[in-house]
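Report on the following structure.
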Amino acid sequence: MERPLVGPVLALMCGIAAARLLECPSTVGLALALVGLLSFVVCGREGSAVGRGWEAWRLRFACVLVGVGHLAVWNDTDGPRNVAGVIPAEPTLGSVRGVVSDPGELKEVRGKPGAMQRMVELKVEGWRARNRAWQPVEGRVRVRFREARGLEVRRGMVAEVFGVFQRPKPPLLPGGFDDAAHLSARGIRRVGECEGANDWRLIGDPPLPGPADRFLPWAHTTLSRGVPDDAATRLIRSMVLGWRGGLEEEWREAFMESGTLHVFAISGLHIALVAGGLVEVLRLVRMRREWCVWVVIPVVWFYVAATGWQASAVRSAVMSTVVVAGWALRRPSDLLNSLAASAWVILAVDPGQLFQAGFQLSFGVVAGMAVWVKPVEGWLERWLGPDPLVAESTRGWMARLGISIGRWLAVNLAASIAAWVTSVPLGVHHFQLVSFSGLVANLVVVPVSGLCLMAGLLSLLVVPVWEGASVWMNQSAWLWMEMMMQAGKWASRIPGGHWAVEAPAWGWWSGYAWMLFGVGPRWVMGRPLGWRWVAPPGIACVAAMLAVGVSLRTTRIACLPWGAGVLLEQGWRSEMLVDCGPAVFARRALPDWLRSRGIERLDDAIGAAGESRFAGGWPELMKGIGVGAFWVGPEGRSGSALRQAHAAAHDHGIPIRRLSAGRSVGSWEVLWPEEGGEGTRSDDHALVLAGRVNGVRCSLIPSLNPDAQRRLIARHGAGLRADVVIAGVPGRGEPLAPELLACLQPKAVVLLTSDRPASLKLSRAVRRRLRASVPDGAVWFTDEVGAVEVVLRAGRWNVVTGTER
């Protein structure tokens, strides 16, 4: 059978994914796994009614059922001692006791210079709620120390940690990074928050330092000799040692936008250099390949252990072990089959790896390169290669040099195209980013990163013998890293070089995957394409066009969960943000979330309310997100926060427009405030917008105090009527007074409330009044349900809350 492991491994992955989708209980999963094994064994006996031609399909069917059972048992949370059943889901003060499985690294807290935090993972053995007895527990917990300076943590330590423990929180914003799902894929069901070293107590004697504890400090010191302590040196240590703290935010974004961030994870490039270089040296001294494996594989795994057992390094080491072992045993080499064997080993140990971005990128990109590099290289050589009718002996040295450069370019460009095409859906799904500049940047960054990595590894190897040579290697690595930094920065600044896009559901990539691994290779190799090959991607394309047509007629209104901010997206036509909230959210959470929805530039930004809790974040937001026009109320009626936003917009060259009653912005009419209206407070003059969107009447009332509400009623009366109302909490008084609700007659109301500050939290009496005033109690409070999204389409509206996702 050609590539006998590929089919079973794909079937195993399908079973694991099905178990995750169906949330299969462990007992059912175990039963299905036994059925799968028995069906393969029994049906495979001699004399079976099933022909031998179905043996491969029987095996795949069995692998699907085994995959279902494997994840269901691995993911079981119903045991009496499971951490998900013992430690409460709600925030609870208590202590856990266990063994450190991942000590984490010190990392500077964003926005707090000098503050250092640390994430520590524990394999817990006991739990005690405050003032209660210890309970036995099994599972893994991640603990965050807010101030970790002075805290010494090593793998294997037994410790007791005091703090607040709870279930991982869902995404703060719809479509944002789902930390709970990420931790669940790693088997972590509870997280803790601790203040500092005083909440950590070591139990017993600490274990002896492991390979990473001894190697890493020495390696950091060695790689820092003879070079300045700057960003390039820290990036060298990040790339060679997998040190996450050295990748500063500025450079992380530059390399991500240029599509070259992958070179800083200990991955196939690192392991291939270690293994390949060692094999070449051993073959140079005429060591037989059967003996080489006993040297190469231990060295590779020592490097993995010395750099802290990072997941990407372990995956690459498993791949390298399979390939080197096959080479030593003189087995026919096939990259896809070796890749399948590596995936089988990893998933057998940890099926949750299938849902991690690193696993998907590692195996998906290598599989894509295995399928596409040769066809693309052959196509490029027809353009870049020499004329086959010209004899080699008649070419001059310049012609031969040009041919060599063309072949090198064809090989590397083919690898870059294959890796890029394969990684596009994964990059969109996990990072909401497509980097076209990566096609060019990787031609420079990947070869130069290989030279930089080689210089760093040689520095570590020669320092015990010749310290001066180690310094030379460090200086060489520093030079290569500077070249990488400049190339990455240049590529990230290419106009249109990277796009932020919103990730569609996984089902929309089915046609793409079929083209990539099914139709495409057959077409390139000249094989016939019947309807069975063409129909699936054709159906997927038609479905995608229909979905685009529906989205063009759909408007989404996202109400942010921190008590301020409403994003209005009218199909693909325009994006408008009304208020943004305080600076703490606009500094990072809001820009990242906007990019995750494919928004790098807002058509309109409206400062509806003047208080800092509504408008304090505009200066921060304008640093990272483009704005077409900034709209504010009448001159002289804005609060101090809006005046600062006005100045920031002027500094960034953003046009500033004024709004008052009777004017409009886009399809929205301004109902309030009036020019020269009464009142001196900012919530007397908050902007009120109304419009008919896709046949649904909507009103936005961000922050309007009772006096202004009465004046609004006197001006418009029954003309205020709306189907959907989105309102904020004013600085004084209650939102949506009974008289205003009587004029609005809404069918649905969303209140922008929050736990902090106290002025944004409504009393129970007000909540009861609002629910009683709206039909069927269709009132949502963002401090109760999280972010709220209102979907408007064809005269209908639908509300989706954060707790329902």
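The values are calculated or read from the model by the stated rules, or taken from the named source; none is laboratory data. Note that this is a predicted model, so its numbers are computed, not measured. Methodologically, a virtual Cβ is constructed for each residue, glycine included, from the backbone with ideal geometry; neighbour enumeration extends over all protein chains shown. All accessible areas refer to the heavy atoms of the entire protein, side chains included, with ligands and DNA or RNA removed. Shrake-Rupley method; radii C 1.70, N 1.55, O 1.52, S 1.80 Å.
Descriptive notes on the structure:
- Cα gyration tensor shape for region 717-805, rounded if a/c is under 1.5, else prolate or oblate: oblate
- Solvent exposure of Trp499, expressed as accessible area, is near 140 Å², computed with a probe of 1.4 Å over the protein chains only.
- Taken about its Cα centre, region 90-178 carries a charge dipole of roughly 180 debye when the Cβ of each Lys and Arg holds +1 and the Cβ of each Asp and Glu holds -1.
- Summarising the label geometry, the points placed 7 Å from Cα in the beta-carbon direction at Ala399 and Leu22 lie 6.6 nm from one another.
- Length gained on full extension, Ser510 to Ile539: 9.4 nm, using 0.36 nm per residue less the C-alpha separation.
- In the chain, the longest principal axis of the Cα atoms and the axis of helix 268-284 are about 10 degrees apart.
- Note on Phe517: accessible area approximately 90 square angstrom, rounded to 10, probe 1.4 Å, nucleic acids and ligands left out.
- For region 53-89 versus region 289-341, the inter-centroid distance based on Cα atoms is 28 Å.
- Axis angle, to the nearest 10 degrees, between helix 467-492 and the longest C-alpha principal axis of the chain: 50 degrees.
- Cα-centred dipole magnitude for region 196-265, charges only on beta-carbon of K, R (+1) and D, E (-1), debye, nearest 20: 340 debye
- Report note on the peptides 477-483, 607-613: ranked by the mean count of other C-beta atoms within 10 Å, highest first, their order is 607-613, 477-483.
- Take the Cα of Arg331, step 7 Å toward its Cβ, do the same at Arg771, and the gap between the two points is 6.3 nm.
- Hydrodynamic radius (Kirkwood) for the chain, which is based on Cα pairs only, to one decimal in Å: 30.3 Å
- Summarising the strand pairing of the chain, around 70 percent of its internal DSSP beta bridges are antiparallel.
- Rolling a 1.4 angstrom probe over region 267-394 with all protein chains present gives an accessible area of which 68% lies on carbon and sulfur atoms.
- Check: the chain dipole with +1 on Lys, Arg Cβ and -1 on Asp, Glu Cβ, in debye: 1060 debye
- Positive-end residue, the chain charge dipole about Cα centroid, Cβ charges, pick of Val788, Leu37, Leu621: Leu37
- Rounded if a/c under 1.5, otherwise prolate or oblate - region 747-791, Cα gyration tensor axes: oblate
- Positive-end residue, the chain charge dipole about Cα centroid, Cβ charges, pick of Ser667, Gln486, Val411: Val411
- Packing order of peptides 718-730, 295-307, highest average first: 718-730, 295-307 (average count of other Cβ atoms within 10 Å over each peptide's residues).
- Accessible surface ranking that places the most exposed of Leu34, Leu671 first, with a 1.4 angstrom probe: Leu34, Leu671
- Solvent accessible area, Å² - Phe264, 1.4 Å probe, full protein context: 20 Å²
- The stretch between Ala305 and Arg244, if pulled fully straight at 0.36 nm per residue, gains 20.4 nm over its current Cα-Cα span.
- Cα gyration tensor, region 68-107 - rounded (a/c under 1.5), prolate or oblate: oblate
- Cross-link pairs exceeding 32 Å between alpha carbons, from the set Lys374/Lys623; Lys169/Lys623; Lys107/Lys169: Lys374/Lys623.
- Helix 640-651 vs. the chain, principal-axis angle (Cα, 0 to 90°, nearest 10): 50 degrees
- One decimal place: the segment Glu739-Val109 gains 222.1 nm when fully extended, by the rule 0.36 nm per residue minus the C-alpha distance.
- Treating each Cα of region 100-216 as an identical point scatterer and summing with the Debye formula, the log10 of I(q)/I(0) at q = 0.14, 0.24 Å⁻¹ comes to -0.65, -1.53.
- Averaging the Cα positions of each part gives two centres, and for region 154-207 and region 648-675 these lie 46 Å apart.
- Sorting Ser416, Ser640, Ser184 on solvent-accessible area from highest to lowest, probe radius 1.4 Å, gives Ser640, Ser184, Ser416.
- Note on Ile656/Glu138: beta-carbon distance plugged into 1/(1 + (r/R0)^6) with R0 of 45 Å gives a FRET efficiency of 0.15.
- Taking the 1.4 Å solvent-accessible surface of region 594-727 as the whole, the part contributed by carbon and sulfur is 43%.
- Estimated distance in nm for a label pair at Ser101 and Leu479, the labels positioned 7 Å out from Cα along Cα-to-Cβ: 4.6 nm
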